[in-house]
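See below for the structure under consideration.
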Amino acid sequence: MTAPRTPDERRAELADALAALRARIGAACAAAGRDAAELTLIAVTKTFPASDVRLLAALGVTEVGENRDQEARPKAAECADLPLTWHFVGRLQTNKARAVAGYADVVHSVDRSRLVRALSDAAARDGRAIRCLVQVSLDPAEAAEGRGGAAPDAAPGLADEIAAADALELGGVMAVAPLGADPRPAFTRLAEVAAEIRRNHPDARIVSAGMSGDLEQAIACGATHLRVGTALLGGRRAIVR
């Protein structure tokens, strides 16, 4: 049985992974003719403990992503003393909107009108402002169910709803690449949807795309925010309760 890592060992492990990840991002930006300073790295810490969030914050990573409310809420509370921006990146049930609105600064997965209304009501009740991204489905129709996302042609209308809602700010778009396919055509389509939305909402400049396995393609297609878990924190652990 492997001995548990000490905090110093885990910090060194994270520092090495972060350096390697930043090198990858830098190389991808150079290949795409982009400035790496344009990119925001979101550490997706699902299944990892709050102690890792603290270690990452000490290394300069202060954008944190979670995809399950039951894990994110206590972790955000435990790290409330840190200057973090919390991103909710998972599929969000409408009945969880009030809970998520209590801690999330950015919700990446807004894909339907009911969720816009629920988040708006919850944020207004809490006196908070939440930045919301339209999740765009890039999957073939037969594979889209269960992964969430609005159809590309429906995304501009949903963006209008977010922009008009109380206590919400339209940030841009988010997508996950289709499973088992070249991500570049999908990310190219996402860039087209993002550009269409920006015609009416020029400040909605976030393009959240790219994870551990496809960040190079996302950067080439104009991503501004990368959601990285495994390449930074290692393989997933058992779910943190």
_the range 199-240-the range 93-131 distance, computed between alpha-carbon centres (Å)_ = 21
*Please list, in chain and number order, the residues 5+ apart from Q135 or on another chain whose amide H is under 5 Å from its amide H, with Hs placed from the backbone.*
V110, D111, A150, M174
*Ignoring ligands, DNA and RNA, what accessible area per residue does the range 7-233 give at 1.4 Å, in Å²?*
43
_Rel. contact order, % - alpha carbon contacts under 8 angstrom, at least six apart, the range 7-233_ = 20
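Can you give the direction-averaged projected area of the convex hull of the alpha-carbon atoms in the range 117-216, in nm²?
Details: hull surface 27.4 nm².
Taking the Cα atoms of the range 117-216, their convex hull projects to 6.8 nm² on average.
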_Where labels lie 7 Å past Cα in the beta-carbon direction, separation of E38 and D81 in nm_ = 3.9
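With +1 assigned to the C-beta of every Lys and Arg and -1 to the C-beta of every Asp and Glu, and no other charges, what is the dipole magnitude of the range 7-233 about the Cα centre in debye, to the nearest 20?
Using only the charged Cβ atoms, the result is roughly 240 debye.
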_Suppose each label sits 7 Å from its Cα in the direction of the beta carbon; what would the R199-R5 distance come out to in nanometres?_
4.8
_Apportionment of accessible area to carbon and sulfur, the chain, percent (1.4 Å)_ = 51
*asked:* Binning at 5 angstrom from zero up to the longest distance, how are the C-alpha pair distances of the range 181-227 distributed in percent?
replied: 5, 26, 31, 22, 11, 4, 1
_If every alpha-carbon in the range 1-97 counts as one equal scatterer, what log10 I(q)/I(0) does Debye give at q = 0.19, 0.24 1/Å?_
-0.99, -1.24
*Rounded to the nearest 500, what is the chain's calculated 222 nm mean residue ellipticity when only DSSP H runs of at least 4 contribute -39500 (n - 2.57) each, over all residues?*
-13000 deg cm²/dmol
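Expressed as a fraction of 2.2 N^0.38 Å, the rule-of-thumb size for a compact globular protein of N residues, what is the C-alpha radius of gyration of the range 1-42? Please report the intermediate quantities before stating the final value.
Details: Rg = 14.5 Å, N = 42, 2.2 N^0.38 = 9.1 Å.
It is 1.59.
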*asked:* Once you place label points 7 Å from the Cα toward the Cβ at R114 and S212, how far apart are they in nm?
replied: 3.3
*What relative contact order, as a whole-number percentage, does the range 23-98 give when Cα pairs under 8 Å and 6 or more residues apart are counted?*
27
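Can you check what the Kirkwood hydrodynamic radius comes to for the range 7-233, Cα pairs only, in Å to one decimal? Can you show the working numbers first?
Values: mean 1/r = 0.0566 Å⁻¹.
It is 17.7 Å.
The values are calculated or read from the model by the stated rules, or taken from the named source; none is laboratory data. All values reported here derive from a predicted model rather than from experimental measurement. All Cβ positions, glycine included, derive from the backbone under ideal geometry; neighbour counts span all protein chains shown. Side chains included, ligands, DNA and RNA excluded: accessible areas come from the protein's heavy atoms. Shrake-Rupley method; radii C 1.70, N 1.55, O 1.52, S 1.80 Å.
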